[in-house]
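Asker: Dropping the structure in here first, questions after.
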Amino acid sequence: MTVTWSFRCACWGIVSSLLVAVLFGHCLSCQAHLALRIAEGGVAILLFLSSLIAFHISTLRCSESHTLSSLLLSYWWHQSEWLATPFILAKANRMWKHPRETQDDLIRELTRRHAKTEYGRKNRLGEIRSVEDLRKKHPLTTYDHFKDYIQRLADGEEGVFLGEKPLRFAVTSGTTGTGKKIPYGDFFWEGESFAFKLLRLALYQGISRPSLVQKRCFLYTHPKFSVTKAGLAAAAYLFVKEKEISYIIIPEQSSPPPAFTITHEPSAMYVHMLFAIADPNLAVLNATFTSQLYRALTCLETNWRAMLEDLSTRKINAKIPLDPDVRRSLQGYLRPDQARVSQLRKEFEKGFDGIVKRMWPHLRALDAVDVLGFKEKLQEKYAKGLVCVDGFYGTTECGTPAVNMWIAEEEPRYVLIPHLVVYEFIPEEQCLEKDPTTLLIDEVEAGGRYELVSTTRTGLYRYRSGDVVQVTGFHERCPVIRMLYRIGEYLNLVYEKMNSQVVDAAVKATVGSWPGVQLVDWTCAESPIYDNDSPELYYIVFIEIDVEQTEFTEEQMSKFDEYLQNHQYYYKNLRASRTISAPHVHLVAQGAFTDLKDFTISRTTASSNQYKTPRKLRTRELVEWMMERVVS
């Protein structure tokens, strides 16, 4: 018989209660020295408190893979989080009711911190006392404006750019080459800590709160990183130092610490899912993007027999490439549970439709940002009947400046957090101008579409993000946004400015008209990148579908062109005048986009945790690479 934590805690509660009774009785009846009686009374109080905690834990749903220390840490962490909820929400509501005042407070704090740096003196930051001053006195910027300052900071110079010593540098995905370095210091992480608390609060408002001692599975792959001349790590936003893993990861994660050191994504996925399926009481399945969740569940569907063998033998499949020390350490965490193996085998043999809820009947939600449309695929197959949470809008440059407080809604929308970032908004029609007009946080309108401009805790002032958002409304008096597209992914052969949102809809409409197939992924390019000598201008579109079928009629392929002409006025005129030729729509081999991810990560600063399929290929090398995988 398996001895559960519920049974252990109940026993401890009973034993400690008896000890409390004995100690209190002795204190009251004996004639011992006062100091001894006080000491006995103190011990009795501590035992009484421990018995209350033990009895409480005994009533909760608990992941049995906990150690005593992780059990108590998880209990303390989540109990503190629950008790702090009213205070966090009250602070957030004050900001949302007074967004402009909050922004003024933030810009004063930022300029106070940075005014004495070389950058601060050159740009007279000490004279900026409000967001209105900021708009008048500081130019709009891009990364090139800060690049040299940041490099000098990375080389170890002080007093150059940031008013504090950076703890490390974050690196943007850099899917077309070298990513941008962004300095992260204590002030940045202070803001992220609040955003994280608010994010958890939003999650628990949208779903039933998990038990304090249920574990979560986070699909993390340890990213590659470099070290600057100053000796600081330069890695993706999501980066946990190995020496920090033991105390950051243990309390609530189903995977043991060694799993968070694995740098090979397929191996990391396998290991995380192996430990996750061993826990029938898992609370949340979490990743950065829904595409990672989908790959993890596909990995399970492909490898479930091997995983069950691993759980039975307590040895991880030798075909999974792992460092020998990591493999030995991981195997030490595996616990034999033949009843769980038998239960899983029955469920897997029934097929994988709705498997998530059948494996983990107490799972509350899937938690990941849906930027590539994998949420629908998850809910159609693996995660039927489950909430898929798209919790936040975030960037490497800004962190997590907006949170989805309405996660139960189908369409994600995010309320800005005014004390994390100073926001300005460029109207969409001015996005391609060098010196456009900007609006402040209390000047935007519901329904308006804007490029976000950010002044951040990482030292960037009036930084043009390239993200175009729509203001869907207001929470209290603070704008609520939804992400539309990135300006850098415009298709613009002449002057049509075709955004990726329209192209995405055209691809989905095209594939939706083909019988018996589903879209896997897509990307596109402009013809001059691939064939600069040709007088023709056209779009190149690469589409992967879920079957091997490669024969489609010209009429079926032309649906893409028809959709664009029907939904984009300038494109229609350019096609009618034959300035732009018909797009070249190509089907690529199955697995091409997975290979593209691996190829990109191997040659750039991108990491598995932050990789998103580029909707526009910007180098000839990548276009030629995709052309080699064309099957039709």
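The values are calculated or read from the model by the stated rules, or taken from the named source; none is laboratory data. In this text, all values refer to a predicted model and were calculated from it rather than measured experimentally. So basically every Cβ, Gly included, is an ideal-geometry build from the backbone, and we count neighbours across all protein chains shown.
Asker: Taking the options Leu274, Leu293, name whichever one is assigned to a helix (DSSP H, G or I), crowded, with 24+ Cβ neighbours inside 10 Å, out of contact with any strand residue (DSSP E or B) (no Cβ under 8 Å at 6 or more places or on another chain) and modelled with pLDDT of 90 or more.
Answerer: Every option except Leu274 fails the conditions.
Asker: While we're here: Of the numbered conditions (1) within 30 Å of Val403 (Cα to Cα); (2) in contact with an Asp or Glu (Cβ under 7 Å, 6 or more places away or on another chain); (3) outside any helix (DSSP H, G or I), Asn93 fails exactly one; give the number of that condition.
Answerer: Tallying (1) within 30 Å of Val403 (Cα to Cα); (2) in contact with an Asp or Glu (Cβ under 7 Å, 6 or more places away or on another chain); (3) outside any helix (DSSP H, G or I), Asn93 fails exactly one: (3).
Asker: Looking only at the range 109-122, which residues are closer than 18 Å to Gln151 by Cβ and surrounded by 18 or more Cβ atoms within 10 Å (Cβ to Cβ)?
Answerer: Matches in the range 109-122: His114, Thr117, Tyr119, Gly120.
Asker: Find the residue count for the range 96-126, including only residues that are assigned to a helix (DSSP H, G or I) and either within 20 Å of His419 (Cα to Cα) or of a type in the set (Gly, Ala, Ser) (or both).
Answerer: 21
Asker: Can you name the residue in the range 345-397 that is touching a helix residue (DSSP H, G or I) at 6+ places or on another chain (Cβ under 7 Å) and of a type in the set (Phe, Trp, Tyr) and is also farthest from Arg615 (Cα to Cα) among such residues?
Answerer: Among those that are touching a helix residue (DSSP H, G or I) at 6+ places or on another chain (Cβ under 7 Å) and of a type in the set (Phe, Trp, Tyr), it is Phe348.
Asker: Anything in the range 136-146 that is within 27 Å of the chain's Cα centre (by Cα) and over 14 Å from Glu118 (Cα atoms)? List them, or say none.
Answerer: Thr141, Thr142, Tyr143, Asp144
Asker: Still on this structure, I have one more. What is the one condition in (1) touching a Ser or Thr at 6+ places or on another chain (Cβ under 6 Å); (2) not assigned by TED's automatic domain parsing to the domain that holds Val422 that Ile128 does not satisfy?
Answerer: Answer for Ile128: the failing condition is (2).
Asker: Could you please tell me which pairs satisfy a Cβ distance under 6 Å, a separation of 6+ or placement on different chains, a first residue in the range 585-609 that is over 15 Å from Thr221 (Cβ atoms), and a second residue that is of a type in the set (Lys, Arg)?
Answerer: Val588/Arg629; Ala589/Arg629; Ala592/Arg629
Asker: Something else now. Only one of these conditions is not met by Lys315: (1) in a helix (DSSP H, G or I); (2) touching a residue at least 12 places away in the same chain (Cβ under 8 Å); (3) more than 28 Å from Lys375 (Cα to Cα). Which number is it?
Answerer: For Lys315, the exception is condition (1).
Asker: So if I check each of Glu428, Glu451, Glu424, which one is in contact with an Asp or Glu (Cβ under 8 Å, 6 or more places away or on another chain), crowded, with 23+ Cβ neighbours inside 10 Å and over 17 Å from Val284 (Cβ atoms)? If you could, list the steps in order and put the result at the bottom.
Answerer: Details: Glu428 fails: crowded, with 23+ Cβ neighbours inside 10 Å; Glu424 fails: in contact with an Asp or Glu (Cβ under 8 Å, 6 or more places away or on another chain).
Of the residues listed, the single one that is in contact with an Asp or Glu (Cβ under 8 Å, 6 or more places away or on another chain), crowded, with 23+ Cβ neighbours inside 10 Å and over 17 Å from Val284 (Cβ atoms) is Glu451.
Asker: Sticking with this one: Of all residues in the range 569-587, which are more than 19 Å from Pro528 (Cβ to Cβ) and within 32 Å of the chain's Cα centre (by Cα)?
Answerer: Leu587
Asker: Can you list the strands (runs of 3 or more DSSP E) found entirely within the range 138-227 that contain at least 3 residues being under 30 Å from Leu386 (Cβ atoms) and in contact with a strand residue (DSSP E or B) (Cβ under 7 Å, 6 or more places away or on another chain)? Step through it out loud before you land on a result.
Answerer: On the way: elements: 168-171, 181-184, 216-218.
By residue number, 216-218.
Asker: Please determine, by comparing only the residues of the range 36-75 that are of a type in the set (S, T, N, Q) and part of a loop (DSSP other than H, G, I, E, B), which one is farthest from Gly332 (Cα to Cα).
Answerer: Among those residues, the one meeting the criterion is Thr59.
Asker: So which residues in the range 492-501 are within 28 Å of the chain's Cα centre (by Cα) and buried (at least 17 other Cβ atoms within 10 Å of the Cβ)?
Answerer: Met498, Asn499, Ser500
Asker: Given the criteria outside the structural domain of Asn286 (by TED's automatic domain parsing), assigned to a helix (DSSP H, G or I) and either modelled with pLDDT of 90 or more or not β-branched (Val, Ile, Thr) (or both), does Gln565 qualify?
Answerer: So Gln565 fits the description; yes.
Asker: Among the residues that make up the range 474-490, is at least one of them surrounded by fewer than 16 Cβ atoms within 10 Å (Cβ to Cβ), in contact (Cβ under 8 Å) with a residue 60 or more places away in the chain, in the same structural domain as Phe425 (by TED's automatic domain parsing) and on the phi > 0 side of the Ramachandran plot?
Answerer: Within the range 474-490 (the criterion being surrounded by fewer than 16 Cβ atoms within 10 Å (Cβ to Cβ), in contact (Cβ under 8 Å) with a residue 60 or more places away in the chain, in the same structural domain as Phe425 (by TED's automatic domain parsing) and on the phi > 0 side of the Ramachandran plot), the answer is yes, since at least one residue qualifies.
Asker: A further question on this structure: I'd like to verify a number: residues in the range 509-550 that are touching a residue at least 24 places away in the same chain (Cβ under 8 Å) and in a helix (DSSP H, G or I), how many?
Answerer: Count: 7.
Asker: Please determine whether any residue of the range 454-463 is at pLDDT 95 or above, more than 22 Å from the chain's Cα centre (by Cα), buried (at least 20 other Cβ atoms within 10 Å of the Cβ) and more than 18 Å from Gln103 (Cα to Cα).
Answerer: Scanning the range 454-463 turns up no residue that is at pLDDT 95 or above, more than 22 Å from the chain's Cα centre (by Cα), buried (at least 20 other Cβ atoms within 10 Å of the Cβ) and more than 18 Å from Gln103 (Cα to Cα).
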